[in-house]
Every structure is written in structure tokens, then in C-alpha cells.
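What follows is one structure encoded as C-alpha cells, with my remarks underneath.
The values are calculated or read from the model by the stated rules, or taken from the named source; none is laboratory data. Computed from a predicted structure; not experimentally measured. Cβ placement follows ideal geometry from the backbone for every residue including glycine, while neighbour counts extend to all protein chains displayed.
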Amino acid sequence: MHYTGYLNKMAVYQHNPVRYYLNTENDLFFLNDLLGKKIKISYLHKIKCFCGKIVDSVYRMNFCQSCFFTLPQASDAILKPELSKAHLGIEERDLEFEKAYQLQPHTVYLAISGGLKVGVTRTSQQITRWIDQGAVAALPLLLVENRYQAGMWEVELKKKFSDKTAWREMLTWKDPDIDLLSIKEEVKQMYPDRIQEFSSDDTIYRFEYPKIAVPEKITSVNIEKNTSLEGELTALRGQYIVLNNSTALNIRTYEGRMVDIVI
Ligand SMILES: [Zn+2]
């Protein structure tokens, strides 16, 4: 069967293993049930921007040029939380949007997704965030009032930890065995006068991802260049789908692309 539509980020639900839904606006595919089955995804050279406009290419962050330069969803503070200004009442592009987005509890966390990393997320979104990054384990480090505070902590902690997901190690399940609680303790010792900011949540959140095989090596496919990928679905992790021929597609990277899916 052929299905055509615009790719959205996969919907994920915490479960053992995580449940994955591929969303093309017209259709929703429960991917866990398609493990071991053949799938082909072809790019049809059209992209729908966030604003609904159909374009041939996007500018940055999957936005058309006009959206990238005007929308609050594409402002500098989105990628660099430390540039947030809503807590000062200062507007960057749309103060109402920025207040709603930035002035809410944020979690600064440690996670293992191929390697050890530090990151920030809205606390209400933390489970989804960790799954989207393919974390096998995550531990809240700090719970702060807003995005600015989280960003300042991240800047500080990036001196010691990576803030990038090690996607090759993540997709080949080479996660290091690290005791996150002892690292949290070490970080606390580094900031004795700020101990009250540390999260009292010492839960290690663990996630399992659906897989029937683990690739030994992996190549991430650029669907705009290669136009299609085809194979047997063997694993799902983060926002990646993994096929039996050692290729993977990062669905989030290609959000908005019009694709034809054959299952
Ligand atoms: Zn747009």
C-alpha cells in the first residue's frame, strides 16, 4: 500500500518498550507492529512549513525564510536558552508566547543516549524529551523556575559534560554503563552554595526501545539527497527509524517533507 503525506515528528509514548507512531498528517502508523516488515520511504520534493506554505526548500530549523526571521518559535532563545529574556519582561519577538514558553519549571538533566550528556527541558515535557533523544536513562539534576535559569546552568555544566547526543553510539546501543546518581553527587559537591537548586528527584528514568536487531554500524540517510530508503524495519530509538541495511532516518530532521510510504 502507498501512503502519501507530510512527515511530522513521531509521536512517542512511554511503555516497555516505547511506543512509536509515524505521523504523516493523513495516516498514523504504529511502528512497533511493523518491526521485521519491509518499509520504503521516498521524498517527493515538497516541504510544508510550520506556516502551512508549501516550499521547495527550507531556510533553517525547518522553517521558511519568513518564519525563521519572524516567529517566536524560531528565535535565538529557542536554541540558546541562556538568551531567554521573558523573566525580565523583555520581548524578543512575541512576549506572550515567550512568557508562556519560558516562564515555567525547567529540568536540567543528565542522560545516557549513546554517551553521557547534559540538557534542559520544560519539566512538563521531560519524558517526551528523553525519549526523543533516545535516552536509556535520565536523572533530573536541577529543577529551576524558568528557561533562563536552566540555560545558565547548562552553559556552566557544558564545561564538564557534552550537550550533544552521540547518535552513532545511540543507534548501535553502545551506551556506557554510568552511575548517574554518583555523578549528580559529584556535581552537587562542585556547587555547595547552590545545593538548594538541585532536584530532590533522584529517580533514574529508564527507557527501552523497540528492536529486533542491533546494527553494528550505522549511516544516517539524507533523504533529500538519496530520495528514498528501503529495507526491513529493525529498530526505533530517539526520533530515528533503523533498517536492516545499517541505515537510519532521523524523522525529526525531515519534518514537513512530503513523502510516499510503502508498507
Ligand atoms: Zn513558513
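Kindly evaluate Lys99 against the criterion of being within 16 Å of the ligand (Cβ to nearest atom) and of a type outside the set (A, V, I, L, M, F, W, C).
In short, no.
Which residues, taken from the range 122-134, are over 24 Å from Pro210 (Cα atoms) and either touching a helix residue (DSSP H, G or I) at 6+ places or on another chain (Cβ under 9 Å) or modelled with pLDDT under 95 (or both)?
Passing the criteria: only Arg122.
For residues that are part of a loop (DSSP other than H, G, I, E, B) and in contact (Cβ under 8 Å) with a residue 24 or more places away in the chain, scanning just the range 33-65, find the one that is nearest to the ligand (Cβ to nearest atom).
Result: Cys49.
Kindly provide the set of residues from the range 121-145 that are among the charged types (D, E, K, R) and touching a residue at least 40 places away in the same chain (Cβ under 8 Å), ordered by number.
Asp132, Glu145
Inspect all residues belonging to the range 13-30 and state whether any of them is under 18 Å from Tyr101 (Cβ atoms) and outside any strand (DSSP E or B).
no
Quick check, is Gln73 within 23 Å of Trp153 (Cα to Cα), more than 13 Å from the ligand (Cβ to nearest atom) and without any contact (Cβ under 8 Å) to a residue 60 or more places away in the chain?
Against the criterion (within 23 Å of Trp153 (Cα to Cα), more than 13 Å from the ligand (Cβ to nearest atom) and without any contact (Cβ under 8 Å) to a residue 60 or more places away in the chain), Gln73 does not qualify.
Filter the range 76-91 for residues that are at pLDDT 95 or above and either acidic (Asp, Glu) or within 13 Å of the ligand (Cβ to nearest atom) (or both) and give the result.
Listed by number, the residues that qualify are Glu82, Glu91.
Does the range 173-196 contain at least one residue that is of a type outside the set (Lys, Arg), closer than 21 Å to Arg19 by Cα and not assigned by TED's automatic domain parsing to the domain that holds Lys53?
Checked against the condition, which is being of a type outside the set (Lys, Arg), closer than 21 Å to Arg19 by Cα and not assigned by TED's automatic domain parsing to the domain that holds Lys53, the range 173-196 yields at least one hit.
Please determine, by comparing only the residues of the range 163-184 that are within 24 Å of Ile241 (Cα to Cα) and among the polar types (S, T, N, Q), which one is modelled with the highest pLDDT.
Per the stated criteria, the residue is Thr172.
Can you tell which of Asn32, Asn16 is surrounded by 13 or more Cβ atoms within 10 Å (Cβ to Cβ) and not assigned by TED's automatic domain parsing to the domain that holds Ile127?
Result: Asn32 is the single residue among Asn32, Asn16 that is surrounded by 13 or more Cβ atoms within 10 Å (Cβ to Cβ) and not assigned by TED's automatic domain parsing to the domain that holds Ile127.
Residue check: is Ala86 assigned by TED's automatic domain parsing to the domain that holds Glu169, hydrophobic (A, V, I, L, M, F, W, C) and touching a residue at least 40 places away in the same chain (Cβ under 8 Å)?
yes
Answer yes or no: is there a residue in the range 148-160 that is closer than 18 Å to Leu79 by Cβ, surrounded by 19 or more Cβ atoms within 10 Å (Cβ to Cβ) and either among the hydroxyl-bearing types (Ser, Thr, Tyr) or assigned by TED's automatic domain parsing to the domain that holds Gly238 (or both).
Scanning the range 148-160, I find at least one residue that is closer than 18 Å to Leu79 by Cβ, surrounded by 19 or more Cβ atoms within 10 Å (Cβ to Cβ) and either among the hydroxyl-bearing types (Ser, Thr, Tyr) or assigned by TED's automatic domain parsing to the domain that holds Gly238 (or both), so the answer is yes.
Out of all the residues in the range 4-40, which are closer than 17 Å to Leu233 by Cα and among the aromatic types (Phe, Trp, Tyr)?
Tyr20, Tyr21, Phe29, Phe30 - these are the residues of the range 4-40 that are closer than 17 Å to Leu233 by Cα and among the aromatic types (Phe, Trp, Tyr).
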